[in-house]
Amino acid sequence: MLASTSGCGMLGGSDDSSEGGSGNLEKSKISVSVMPTIDLAPFHLAMKNGYFKDEGLDVEVVNAPSGQASLTKLINGEVDVAYSSYTPFFIAQSKGAAEFKFVADASSAGPKSTMVVTMPNSPVKKVQDLPGKSVAITSENTMSDTLTKSVMKTNGVDFSDVQWVSLPFPEMAGALQRGDVDAAFMTEPFITSAAKTIGAVPVFDTATGPTKDFPTAGYASQAQFADENPNVVAAFQRALDKATREAADRSKIEPLMVEFAKVDKEIASMTNLLTFQSKLDAQRLQRVPDLLLEFGGIPEKMDAASMIAQPAADS
């Protein structure tokens, strides 16, 4: 599990206000659910370097084993802000589970950071070989199968008879090695780890063509929280933006990968990083619900711009 970097603040906090770097905050204590994933490195950098505190924010880190679990904590009111891949937010809102506002971006798919991989002796050598085969994904209607389907469609390959097998990322290498699945969609650091430990080889990069630099994950709150706490949202964004800019220095990120994503030093040094992001862009984010709609993940078009939180005017 991902260790909390701060025990600050009781869950949900109180209605007290604080004067931090942003002036008056509607509340000073917020809770954020996170996962053991490498694209949270800028968040942990902001925690370690005190950037949230500099903005007057007292952040409690709440661990979640998956993006869906993180989202569930947000829906249930257990946390103020949740980190997850983007697809569960859009799918949950399309089903009326809650109304969300995105408060910050986190990452997009960098080159070779999201790939379909297999074993050297597998019958799957190229994207055209996937029909009729079994492919490990985290879950259906997530980034894993959505990006894979997009590449297949771009190459004129029918994905209707692919057998999608839901597995957590840490279990995919073993499934490949045993022959339980023919291929697997993986993100880093699991791609590098599988190559090192079982000799897995890439089949294709899913961050190409229509899905190049595809938005992969971000932070959201319930809409009411964002609407009632615009100064908090602005302060959260400023702290993350500062850390994200610093994350361009890989030497600052690799130790955090080892500490929080539980990656060994060698793999951390070899990993192809996702592209760290912090600023939300409506046009870029719109690619996510559009792709979900294309592949049946949501029933009708959704407007990403309306789901982006509006921070305080002076932010």
Residue match in the range 7-23 (condition: at pLDDT 90 or above and either among the basic types (K, R) or closer than 19 Å to A239 by Cα (or both)): no
Hits in the range 99-128 - residues which are of a type in the set (A, V, I, L, M, F, W, C) and either assigned to a loop (DSSP other than H, G, I, E, B) or more than 21 Å from R284 (Cβ to Cβ) (or both): A109, M115, V116, V117, M119, V124, V127
Test set (1) outside the structural domain of T187 (by TED's automatic domain parsing); (2) farther than 17 Å from I308 by Cβ - Q93 fails condition number: (2)
Per-region count, the range 150-184, residues under 17 Å from S113 (Cα atoms) and touching a Phe, Trp or Tyr at 6+ places or on another chain (Cβ under 8 Å): 6
Unique match (being in contact with a helix residue (DSSP H, G or I) (Cβ under 8 Å, 6 or more places away or on another chain), under 23 Å from Y86 (Cβ atoms), buried (at least 16 other Cβ atoms within 10 Å of the Cβ) and not assigned by TED's automatic domain parsing to the domain that holds F90) among V203, V127, V157, V151: V151
Residue check for K133: surrounded by fewer than 20 Cβ atoms within 10 Å (Cβ to Cβ), in contact with a strand residue (DSSP E or B) (Cβ under 9 Å, 6 or more places away or on another chain), not polar (S, T, N, Q) and not assigned by TED's automatic domain parsing to the domain that holds N231: yes
Qualifying residue in the range 225-246 (condition: assigned by TED's automatic domain parsing to the domain that holds H44, closer than 29 Å to V124 by Cα and of a type in the set (G, A, S)): no
So D158, is it in a loop (DSSP other than H, G, I, E, B) and touching a residue at least 24 places away in the same chain (Cβ under 8 Å): yes
Any chance V203 is under 30 Å from G56 (Cα atoms) and in contact (Cβ under 8 Å) with a residue 60 or more places away in the chain: no
The range 157-196, residues that are of a type in the set (V, I, T) and closer than 23 Å to M35 by Cα: V165, T187, I191, T192
Whichever residue in the range 208-240 is of a type in the set (D, E, K, R) and modelled with pLDDT under 95 and, among such residues, is farthest from the chain's Cα centre (by Cα): K212
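The values are calculated or read from the model by the stated rules, or taken from the named source; none is laboratory data. As the structure is a prediction and not an experimental result, all values here were calculated from the model. Backbone-built Cβ (ideal geometry, glycine too); neighbour counts: all protein chains shown.
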